[in-house]
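Structure first, then comments.
The values are calculated or read from the model by the stated rules, or taken from the named source; none is laboratory data. These figures come from a predicted structure and were not determined experimentally. With ideal geometry, Cβ positions are generated from the backbone for all residues, glycine too; neighbour counts draw on all protein chains shown. In case anyone asks, the SASA skips ligands and DNA or RNA and just uses the protein heavy atoms, side chains included. Shrake-Rupley method; radii C 1.70, N 1.55, O 1.52, S 1.80 Å.
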Amino acid sequence: MSVIVFAENWDGKFKKSTFEAVSYANEIAKQLSTSTTALVIGNVSEEDMKSLGKYGAGKVLNVKNDRLNTLAAQAYGNIVAEAAQKEVATVIVISNTYTGKNIAGRIAARLKAGLVAGATALPSATAPFTVRKKCFSGKGLTDVVITSDQKVLALTPNAFRVISGEGTASLEAFVPALKDSDLKTSVKEVKKTSGKIALTEAELVVSAGRGLKGPENWGMIEELANLLGAATACSKPVADIGWRPHHEHVGQTGITIGPNLYIAIGISGAIQHLAGVSSSKVIVVINSDPEAPFFKAADYGVVGDAFEVVPRLIEAVKTFKTSHH
Amino acid sequence: MKFLVCISQVPDTTTKITFIEGKALNAAGVQFIINPYDEIALTRALELKEALGGTVTVIHVGTVGTEPTIRKALAIGADEAIRINAEPEDAFFVASQIAEVVKKNPFDVILTGRESIDYNSGQVAGMLAEMLDLPSVCVVTKIDISGTEVTLEREIDGGKEVVSCSLPFVASAQKGLSEPRIPNMRGIMSARTKPLQITEPSSGTKLTASVSYAMPPAKQACKMVAADKMNELVELLHQEAKVI
Ligand SMILES: Cc1cc2nc3c(=O)[nH]c(=O)nc-3n(C[C@H](O)[C@H](O)[C@H](O)COP(=O)(O)OP(=O)(O)OC[C@H]3O[C@@H](n4cnc5c(N)ncnc54)[C@H](O)[C@@H]3O)c2cc1C
């Protein structure tokens, strides 16, 4: 018995969500009195792989194959499933990232294992195996019981803290059975949204809505975001009218985010908007209308005209930065 | 070319969600709609069919009460519908049911939404693809088909990835793939007479069950900061909230 975790990398580097997943897997391994094995597909330095030991991985299985440097969902799913069988894993943990979303269902179907996609906490019980997740786009929570022997958990990024200590993982090369027919998809090109911080990974997000009146007024939003090291986001109508690019649209029909800080400027706080941002740890709302519904979902509120408040906030952040560095 | 679009029925996006004693969704007064991402998938299937020829079939696992939702999909433009007569309680069960139908009656393009907005899991596309031994690309904002070449764009952290794929394939739709269409009068009229085939479920296993529900923890009351005290706000975010 063991717990296996798919330790995702991006161009050879792990990210915080990887460490969260390994930490989470290891806490489950403790609940089950067993050990944690991490699976790495791709070219990650030995040093980085060994460092997964800090988060609880005893062993790292590494699959190196140039055909697998980009995602091929069918092949990745098969490899994770094969590694799970080899390690006699009862629990398989992955991150619910875009890669995770591409492989979770495949792994579950291949192993005939129940899947909780978007787990937000450790299992509340291991018999029956019960895991909590969000439902109704964050308007509710549900406890899901998995009845199969093997369980697949896709952990929501930013929902579980990284737990680090001492430790070095041992490394083992793993050569899975790979067929050409597992590689019916191939990546032709990667289009990066240039230079900016990716919204889904950002710890701080500055977002603005129709209250800003026009695209020419986003200079102060970007300035505030740059100062804080934050990503920028927007409400749906703002993306629909073309004031901002679509990839910034957050909400029920846009991107779902859960940063540590979400600053909403000139956004009314419609229920569909909240669905995409309600997992934010702290929400600041700046709105000229004291009755704006967003204040009900906020931790800190400022009633005022964005065109006066935001420049003041920028100055305050500048002052703060000079006094704290 | 044969297109299959898997649709689920979900509470309207504006619904105020409550639960009955933490055991089930309180469906009283809830209006159900086609899952918005499935509608995006359906519209793209219709666009591709219009360009390439073929038929668009929608498939739904649900009991008789969901038929208005299926008729809506037909009104939007699907040619025919299949309803598998069972409660869609578990993604593995739903995917197995659809896979059984597709094994007997293959399709070239199988689309789902990126996730349903009720359980937000996004499992069916991957499961279905695995059960049918087909390639899958999830959370896509573009699908183009030319001859036997399929080009998709899928969302990744901080960008997009252009993926090529062979036919047949499974993909899940993200916003941006198409602009949903509002059914017109002719569509609504013709939907009534389009074929809706009802099949009984094949015996299927369920691997998960939602056993209880809760509301998200209530927010603490919002702390108001005066508009001319932005230094104070920054201090609160640093000292109290510890986020900067
Ligand atoms: C099916 C469906 C899905 C949807 N999905 C989404 C989604 O994913 N994301 C999303 O965002 N929306 C979504 N919506 C739209 C949503 O219902 C709202 O219409 C939208 O969020 C409103 O955007 P907004 O807050 O920018 O604009 P408005 O509602 O117009 O609000 C503007 C706000 O700015 C304030 N304001 C005005 N001037 C100033 C000023 N000078 N300084 C400070 N504040 C000012 C106003 O008081 C107001 O609160 C969806 C709707 C539907 C029906």
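Relative contact order (percent) for chain A, with alpha-carbon contacts under 8 angstrom and 6 or more residues of separation?
Details: 685 pairs, mean separation 46.3, N = 325.
Reported relative contact order: 14 percent.
Here the relative contact order of chain B, from alpha carbon pairs under 8 Å that lie six or more residues apart, stands at 24 percent. For the protein assembly as shown, what does the accessible surface come to per residue with a 1.4 Å probe? Please give it in Å². Accessible surface, normalised per residue, equals 40 Å².
GluC sites (Glu not before Pro) within the stretch B:1-91: which are DSSP loop residues with at most 16 other Cβ atoms inside 10 Å? All intermediate terms of the calculation are to be shown ahead of the outcome.
On the way: sites: B:21, B:39, B:47, B:50, B:80, B:89; in loops: B:21, B:89.
Sparse-neighbourhood loop GluC sites (Glu not before Pro): B:21, B:89.
Of the solvent-accessible surface of the stretch A:227-306, computed with a 1.4 Å probe and all protein chains present, 57% belongs to carbon and sulfur. Our helix-only sum for chain B, with -39,500 (n - 2.57) per DSSP H run of n ≥ 4 divided by its residues, gives a mean residue ellipticity at 222 nm of -7500 deg cm²/dmol. Reported to the nearest whole Å, the Cα centre-to-centre distance from the stretch B:196-244 to the stretch B:87-125 is 27. The mean number of Cβ atoms from other chains found within 10 Å of a Cβ in peptide B:200-213 is 5, as a whole number.
Shielding value for B:231-238 is 6, the average number of Cβ atoms from other chains within 10 Å of each residue's Cβ.
For the segment B:22-32, counting C-beta atoms of other chains within 10 Å of every residue's C-beta and taking the mean gives 1. Surface composition of the stretch B:2-213: carbon plus sulfur atoms contribute 53% of the solvent-accessible area (1.4 Å probe, protein chains only, all chains present).
In this Cβ point-charge picture (+1 for Lys and Arg, -1 for Asp and Glu), the protein assembly as shown has a dipole of about 460 debye about its Cα centre.
Dipole magnitude for chain B: about 560 debye, using +1 per Lys or Arg Cβ and -1 per Asp or Glu Cβ, origin at the Cα centre.
Accessible surface buried by the B/A pair amounts to about 6800 Å², both sides summed, 1.4 Å probe. From helices alone, chain A scores -8500 deg cm²/dmol at 222 nm; the rule is -39500 (n - 2.57) for each run of n ≥ 4 DSSP H residues, then divide by the residue total. With N as its number of residues, the protein assembly as shown has a Cα radius of gyration that, divided by 2.2 N^0.38 Å, comes to 0.96.
Of all aspartates and glutamates in the structure, those lying under 19 Å Cα to Cα from residue A:59, and not within fewer than 8 positions of it along the same chain, are A:8, A:20, A:27, A:46, A:47, A:48, A:82, A:87, A:166, A:172. The HN-Hα couplings worked out from phi for the stretch B:44-52 by the Karplus form 6.51 cos²θ - 1.76 cosθ + 1.60 (θ = phi - 60°) are 5, 4, 5, 4, 5, 4, 5, 7, 10 Hz, whole numbers, x standing for Gly and Pro.
Taking a straight line from the alpha carbon of residue B:219, these lysines sit under 26 Å away, with near neighbours fewer than eight places off in the same chain left out: A:133, A:134, A:139, A:236, A:281, A:296, B:16, B:23, B:229, B:242.
The DSSP beta bridges internal to the protein assembly as shown are antiparallel in roughly 35% of cases.
Compute, for the stretch A:2-183, the length of the dipole vector about the Cα centre, with Cβ point charges of +1 (Lys, Arg) and -1 (Asp, Glu) only. Units Debye, rounded to 20.
Using only the charged Cβ atoms, the result is roughly 560 debye.
Judged by the gyration tensor of its Cα atoms, with axes a ≥ b ≥ c, the stretch A:1-89 is oblate; a/c meets the 1.5 cut and b/c is at least as large as a/b.
Surface composition of the stretch A:2-183: carbon plus sulfur atoms hold 49% of the accessible area, using a 1.4 angstrom probe and ignoring ligands, DNA and RNA.
Let me check something: with ligands and nucleic acids excluded, how do B:224, B:185 order by accessible area (1.4 Å probe), largest to smallest? If you can, show how the numbers build up before the last one.
Numbers: B:224 100, B:185 125 Å².
Ranked list, largest accessible area first: B:185, B:224.
When the pairs A:16/A:50; A:151/A:192; A:101/B:175; A:64/A:101; A:13/A:64 are compared against a 25 Å limit on Cα-Cα distance, A:151/A:192 fall above it. The trypsin sites (Lys or Arg not before Pro) found in the stretch A:162-228 that occupy coil by DSSP, while having at most 14 further C-beta atoms within 10 Å, are A:179, A:213.
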